[in-house]
Structure formats: structure tokens, C-alpha cells
Amino acid sequence: MNKAYIPLIVLFLLSSFGFSQQNDMKIGIINPYEQNLKTYKKDPKADAVVVFDIGKSIFFDTDRGGYNIRFTRKKRIKILDKSGIKFSEVSIPFYVDGFGKTEYIKSIEAYCYNIENGILIKKALDQSTIFEEQINNNWKTKKFVFPDVKEGSIIEYKYVLETPFLFNLPDWAFQSQIPTIYSEYNVNMIPFYEYAFIVQGISRFDRQESVVSKNTRTWGTIVENHGVNIGNGIEFKDKIHLYAMKDIPAFRDKSYISSAEDYLMKMDFQLAKIRRPQGSTEEIISTWPRLCEDLLDHDKFGKYLKKSGKLAKKILEYEIDITDKNETNIQKAIINYIKTNFDWNGVNSKYASKKPKEFYEQKTGNSTDINLFMCALLKTAGIDAQPIILSTRNNGKIKGNYSFSHFFNYTIVMVKGDKKSFLTDGTNSLIAYNRIPIRCINGKGLLVNEDQTSWISLYNNIKSLDTKILNIDINTENLSAETKLSIHSNEFESLGYKKSYKNDTIKLKKQLMEKGLSEIHSISTLNYERNNLAYIINCKGESPVEKIGNKLIVLPFLDFPIKENKLKELRRAYPVDLIYARTKTFESKINIPDGYQIKLLPKNYLMDNGLAEIKLEYVKNENNIVVQGTYSFKKSIYKPQEYGGLKNYFNTIIKKFNEPIVFEEIN
């Protein structure tokens with residue numbers, strides 16, 4: 001990944017060619033190439049292609065003085081196949097800070113073009129079909145669906161977003177899940193705000209220019225705005241920066257990654273410095289130590305933590321019994337108290353959303369409300385506990401070389417004990433006290449303390465286990481098998497079952513019947529809420545037996561082994577992130593039906609190295625066959641150069657663990 005940290009105030013190298021009018025990239029002008037395009041030759045399997053995607057950010061005068069940012073985007077897509085019709089659904093997110101400031105979608109226009117009887121027909125989006133949807137407390141989205149989209153359609157849209165949040169200039173992604181013929185971002189900067197940006201996944205732009213606008217603007221008498229009060233009649237000219245790329249490949253391989261945002265070709269901006277006309281400047285880009293200092297002094301972080309300590313004394317006295325407990329049991333008692341008595345509202349944040357007393361009384365809050373309160377309880381009980389800020393998996397990884405505070409959106413707690421340290425989180429009652437949720441396992445987090453800046457790995461080396469034990473008793477008369485199944489899982493493997501099915505036997509039955517059982521007579525579970533023990537699912541039922549001619553075909557592990565390899569590309573330039581190391585074990589005992597003999601029994605198989613282990617063993621007894629299979633992925637993260645080997649391991653598992661046993665009727 002290539003990154004750059006470059007103030008936009010400097011003059012960039014000019015490319016060898018200048019700005020063009022690009023008349024064929026205007027809304028409403030469809031050229032013959034786009035009309036006749038059937039297959040995109042540079043990516044023949046693409047079901048759609050972005051013809052162009054052009055964005056522009058400018059600073060504009062507000063009514064009360066000062067400047068906001070107006071972001072305009074226009075995008076055209078050619079639908080090449082029916083499967084590409086899904087791109088006719090458009091979502092435009094916008095931010096609301098919850099304190100009175102919000103972004104606004106000022107206008108949307110959208111058109112669909114189809115050729116009918118040799119004539120290009122244009123149909124506009126009905127504005128009444130645009131609707132708004134709440135994503136969470138801070139994000140909303142405008143949504144619409146293009147009309148009459150089919151294979152061969154051209155769709156295009158343009159929207160204008162206005163934002164008062166100068167801290168983050170709108171970012172720009174050049175790449176998406178379909179190929180892009182041309183992508184361009186224009187930024188018109190004014191001299192009072194200096195921005196830094198990170199370039200991700202781009203070694204060079206196909207076009208990069210910086211020029212000074214010919215037009216002069218004036219910033220008159222205004223009130224304080226974002227720390228700037230510039231006085232009367234300041235004349236200035238915009239500096240116009242352009243970044244463009246062409247023939248950008250699709251980003252398709254989204255399997256086993258933290259977030260596509262970590263690997264897309266894109267630019268990420270942040271306000272770096274405010275320049276006042278009087279001559280003073282204010283540095284906005286922080287350092288990691290300064291960022292920690294600011295957090296510890298923040299009302300919704302460090303001060304919230306201190307105020308929570310006052311409540312903690314009463315809670316420890318009246319609600320949590322820690323008398324005569326050793327250090328480990330005190331840690332467990334406090335963390336489990338939080339998990340049991342407080343509910344996470346689903347909001348990720350690096351700041352608390354309410355006062356400690358309100359949180360305590362309401363029993364619900366965001367991730368930082370919960371975890372800073374828990375940190376205060378631990379500290380008050382004499383436990384060495386410190387907050388860690390991080391970025392969740394869907395928010396992207398932290399770029400450690402760039403101290404951008406907006407990278408972070410979550411807080412957890414690091415507990416240091418006499419025997420060992422561990423990370424903990426109070427939002428999820430289905431994982432052990434000394435584990436953090438999967439959404440938090442994302443590279444590294446920043447330990448927030450006054451002494452020193454420390455980065456803490458969020459991964460652990462504990463392997464998660466999933467064992468399936470089957471007993472298959474074949475009945476040749478009705479071509480079915482009485483089947484007993486027992487599933488034992490722990491750690492994150494058990495969490496997968498618990499989150500997906502919530503101990504609901506109806507949901508579990510449905511899932512098991514999709515894995516090869518035709519009927520289920522009984523089902524039970526154990527240890528749903530006991531995170532220190534394996535989660536167990538026991539089931540009795542029937543599974544079908546296939547008969548072809550005089551042969552019976554049985555899958556020893558039913559349909560439980562994986563069937564599809566998600567690693568489909570030839571190579572990969574970024575890691576494979578499995579989140580945690582894991583082992584899957586299968587054991588199946590199959591009776592040999594009366595009147596039948598073994599026709600085909602797969603061979604034993606063993607492969608074991610530092611990356612993975614695959615093992616299959618078939619044992620033929622007098623009346624039955626016992627099949628034992630295990631595959632392990634020994635690492636949570638695999639390097640790009642290990643991709644080919646890992647892909648082959650998945651292929652081997654799919655082939656070997658789905659091989660049938662064949663019985664033949666004895667003549």
C-alpha cells in the first residue's frame with residue numbers, strides 16, 4: 001500500500017497534459033461508445049462498468065459568514081448484464097453530529113437511458129421516490145432506485161452535498177466493486193485551511209494538477225467560525241487541485257478482509273492547520289501523545305472516567321461483592337456485573353454519550369459509555385486498568401504513521417494482572433470476561449495513559465475449536481439413516497452459533513436441515529450463558545441416503561464441511577484476515593448395512609506445516625467405518641505471499657472432506 005502525507009497548500013507536480021473540457025462527461029450527453037458497449041474488454045466478466053465518476057469539493061460563503069464545503073458528484077454506469085441491475089440502487093450517506101450540525105443533500109438528479117427501436121430514450125427519476133433512512137445516531141442516507149433498468153441500460157446521477165464539517169474534507173474512492181474507466185476528484189482550496197491527505201493503494205495518478213484560479217474572491221467581515229475570524233475584506237484566489245485515474249480494476253476479492261476501506265484505491269483528507277490572516281496559525285494535526293492528553297482532558301473521555309470513579313465506590317460497596325476474592329475473581333466479578341446489568345445500544349464511539357450518572361440510571365449506552373465506566377470500576381477496586389481506543393473492523397485499520405483522531409471509533413479496556421494482561425469489553429455477554437468482540441479485532445489499538453504512547457495488538461493466539469460428532473445408522477429399506485449429532489464449540493466458534501441462532505431451537509433446526517438432515521426428532525443445547533465452557537448442541541434425526549443402481553452413497557460428514565472456496569483470485573496484494581486461528585474436527589461412525597460391502601473408501605490424507613493442518617483417517621471395522629477428519633488454520637493473518645498456498649488448502653479441504661463412501665450390494 002502506498003501512502004502519502006502531503007499538505008494541499010504546496011504546489012504539486014504538473015502532468016504533461018492540461019485540463020480538458022470533457023464534454024462527453026456531462027450529465028445528459030451519451031456518446032455512441034457507451035450506447036454500443038456490450039462487454040468491457042479490460043474486464044470481460046464485469047456485469048457493469050463505471051463510465052465516469054467525478055467529484056468536486058469547493059468552499060462557499062455561508063449566510064452568517066464563514067465557509068462550508070459543497071461537494072458535487074456525477075457518476076455514470078453502464079449495465080452489461082442482468083446481474084448488474086443491482087447497481088441501480090443508490091445510497092448517499094450524510095452525517096449528523098447530534099448537536100445541531102448536519103450535512104444536507106441539496107439536490108439529486110438521476111436518469112436512465114435505454115435504446116428502444118433504435119432511439120435513445122431518457123427517463124428521469126421521480127423525485128417523490130427518493131426516501132431517507134436512519135443508519136445510526138450519526139448517519140442517515142438518501143436512497144433511490146433507477147426506473148426501467150435492464151441489461152444494456154445506462155444510468156447516471158448527480159447530487160450536491162453541503163457540509164459544515166471542515167475538519168474532514170470529503171474523501172474520494174477511485175475504486176469500487178466494478179471496473180471504472182475514469183475517476184476524477186477536484187478540490188478547490190482556500191488559503192485559510194490547510195489539509196493533509198493519505199493516498200492508499202496508488203503509486204501514481206494518471207493525471208495530477210494544481211493551478212491557481214483566475215477568479216478573485218473576498219472574505220468579508222464574519223463571526224468566529226471553526227477558530228477563524230479574519231476581519232474585513234480579505235481577497236484570495238482558490239488553488240485548484242485535480243487527481244485522476246483511468247482504467248481502474250474492480251475490487252472484487254472481499255473475502256477474509258477487515259474492511260474494503262483498508263484496500264481500496266482512495267484519498268483520505270483531514271484538516272491539518274488553520275492560517276489566520278493576522279499571521280497566527282493553529283496546528284490541528286496532533287501527535288499520538290498529544291492526542292492521548294486531549295482525550296484524558298476531554299469531558300466525554302478522561303473526565304467521564306474520573307466522574308465514573310465516584311459512582312464506582314458506591315457500586316463496589318453495595319452491588320458487587322469482592323470481599324475475600326483474589327485478583328482474577330475480582331476482575332471477573334466487575335466485568336460480568338457490567339455485562340449483566342448494562343445494555344449496549346449498538347453505537348460505536350470513542351466518546352461517551354452521556355454523564356456517568358445518566359448511564360448508570362438508564363442502564364444503556366454506547367461502547368465508550370460502557371467500557372470507560374467498567375474501567376473506572378476496575379481502577380477503584382485496585383485493578384490496573386487502562387482504556388484503549390481502536391477502529392472497528394468495518395471502520396478500517398489504523399494508519400500508525402498518521403495521527404488522525406477520526407480513525408478511532410471505539411474504546412475497550414486493558415487489564416494488567418499479576419499473572420497476565422488481557423483485553424476486555426463490556427458490551428457482549430456471550431464471550432468470556434477476558435475476550436473482546438470480533439468487531440474489535442482489527443490490527444492494533446492505542447493505549448490512552450499519561451506516561452507513554454503504546455500500541456497494543458488486538459489479536460490473540462487462542463485457537464477456537466468446533467467439533468462435530470456423527471453416528472449414522474443406515475436403513476436400506478427406506479433409504480434413510482438414523483443420525484445422531486453432537487456439536488461442541490468454544491471461543492469465537494461458539495460465539496458464531498450463539499449470535500446466529502440465539503439458542504433458538506427452531507432456528508437451529510432450520511440450519512441443521514440445510515446441512516444434510518431431512519428430519520429432526522429432538523434437539524437440545526447446553527452452556528449457552530456459560531462462556532467458560534463449550535457450547536453444546538445435541539440432535540437426533542434422520543438423513544437421506546442416495547442409491548444409484550445397486551450402490552449406496554453416503555457423505556460421512558453430511559453437508560457440514562465447506563463447499564465453496566471464497567479465495568477466487570489468482571493472487572492477492574493484501575493479507576488474508578481470518579480474525580482468529582481455528583480448528584474444525586469431524587468424527588463419523590457409519591454402520592455397514594447388511595447385504596452390502598464397501599465399494600469405495602477414500603484414502604487417508606495428511607498435510608501439516610506451519611500454516612495449516614489437514615488430516616483424514618478412515619478405519620474399517622467389522623460392522624462399521626469410523627472417519628476422523630481435522631483441519632486447522634494455525635494463524636489469524638496470512639501474508640499476501642501465503643495466499644496461493646492458503647487457497648490450495650481450502651481447495652483440498654473442500655475436495656477431501658466432501659468425498660463420499662460408496663457401499664455396493666452383495667450378489
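The values are calculated or read from the model by the stated rules, or taken from the named source; none is laboratory data. Small disclaimer: the values here were computed from a predicted structure and weren't measured. We place every Cβ from the backbone using ideal geometry, glycine too, and count neighbours over all the protein chains shown. The accessibility values were calculated without ligands, DNA or RNA, using every heavy atom of the protein model including side chains. Shrake-Rupley method; radii C 1.70, N 1.55, O 1.52, S 1.80 Å.
When you check Lys615 against the structure, is it over 30 Å from Gln200 (Cα atoms), surrounded by fewer than 14 Cβ atoms within 10 Å (Cβ to Cβ) and out of contact with any Phe, Trp or Tyr (no Cβ under 6 Å at 6 or more places or on another chain), yes or no?
Values: over 30 Å from Gln200 (Cα atoms): yes; surrounded by fewer than 14 Cβ atoms within 10 Å (Cβ to Cβ): no; out of contact with any Phe, Trp or Tyr (no Cβ under 6 Å at 6 or more places or on another chain): yes.
In short, no.
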With respect to Lys379, is the statement that it is touching a residue at least 24 places away in the same chain (Cβ under 8 Å) and assigned to a loop (DSSP other than H, G, I, E, B) true? no
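Table: residues versus (1) modelled with pLDDT of 85 or more; (2) outside any loop (DSSP other than H, G, I, E, B); (3) in contact with a Pro (Cβ under 6 Å, 6 or more places away or on another chain); (4) of a type outside the set (A, V, I, L, M).
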residue: Gln270; (1), (2), (3), (4): yes, yes, no, yes
residue: Gly279; (1), (2), (3), (4): no, no, no, yes
residue: Lys303; (1), (2), (3), (4): yes, yes, no, yes
residue: Ala312; (1), (2), (3), (4): yes, yes, no, no
Would you check if there is a residue in segment 401-412 being open to solvent by 30 Å² or more (accessible area, probe 1.4 Å), β-branched (Val, Ile, Thr) and in contact with a strand residue (DSSP E or B) (Cβ under 9 Å, 6 or more places away or on another chain)? no
So, in segment 218-227, of the ones that are open to solvent by less than 60 Å² (accessible area, probe 1.4 Å) and part of a strand (DSSP E or B), which residue ends up modelled with the highest pLDDT? Trp219
Determine if segment 590-612 includes at least one residue that is surrounded by fewer than 20 Cβ atoms within 10 Å (Cβ to Cβ) and within 22 Å of Ser489 (Cβ to Cβ). no
Can you say whether Val554 is open to solvent by less than 50 Å² (accessible area, probe 1.4 Å) and either free of Cβ contacts under 8 Å to residues at least 60 places away in the same chain or touching a Pro at 6+ places or on another chain (Cβ under 8 Å) (or both), as far as the supplied structure shows? yes
Within segment 453-471, considering residues that are touching a residue at least 24 places away in the same chain (Cβ under 8 Å) and among the polar types (S, T, N, Q), the one least open to solvent (accessible area, probe 1.4 Å): Ser464
Does Asp608 satisfy the criteria of being under 30 Å from Gly443 (Cβ atoms), under 35 Å from the mean Cα position of the chain (by Cα) and at pLDDT 95 or above? yes
Odd one out for Ile121 among (1) under 30 Å from Asn348 (Cα atoms); (2) in a strand (DSSP E or B); (3) without any contact (Cβ under 8 Å) to a residue 40 or more places away in the chain: (1)
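Restricting attention to segment 137-169, which residues are part of a loop (DSSP other than H, G, I, E, B) and surrounded by fewer than 20 Cβ atoms within 10 Å (Cβ to Cβ)? Break it down stepwise before answering.
So in segment 137-169, the residues part of a loop (DSSP other than H, G, I, E, B) come out as 137-138, 146-153, 164-169.
Asn137, Asn138, Pro147, Asp148, Lys150, Glu151, Gly152, Pro164, Phe165, Phe167, Asn168, listed by residue number.
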Which condition number does Leu378 fail, the rest of (1) open to solvent by less than 20 Å² (accessible area, probe 1.4 Å); (2) under 21 Å from Thr453 (Cβ atoms) being met? (2)
Within segment 267-292, can you find the residues that are open to solvent by less than 30 Å² (accessible area, probe 1.4 Å) and among the basic types (Lys, Arg)? none
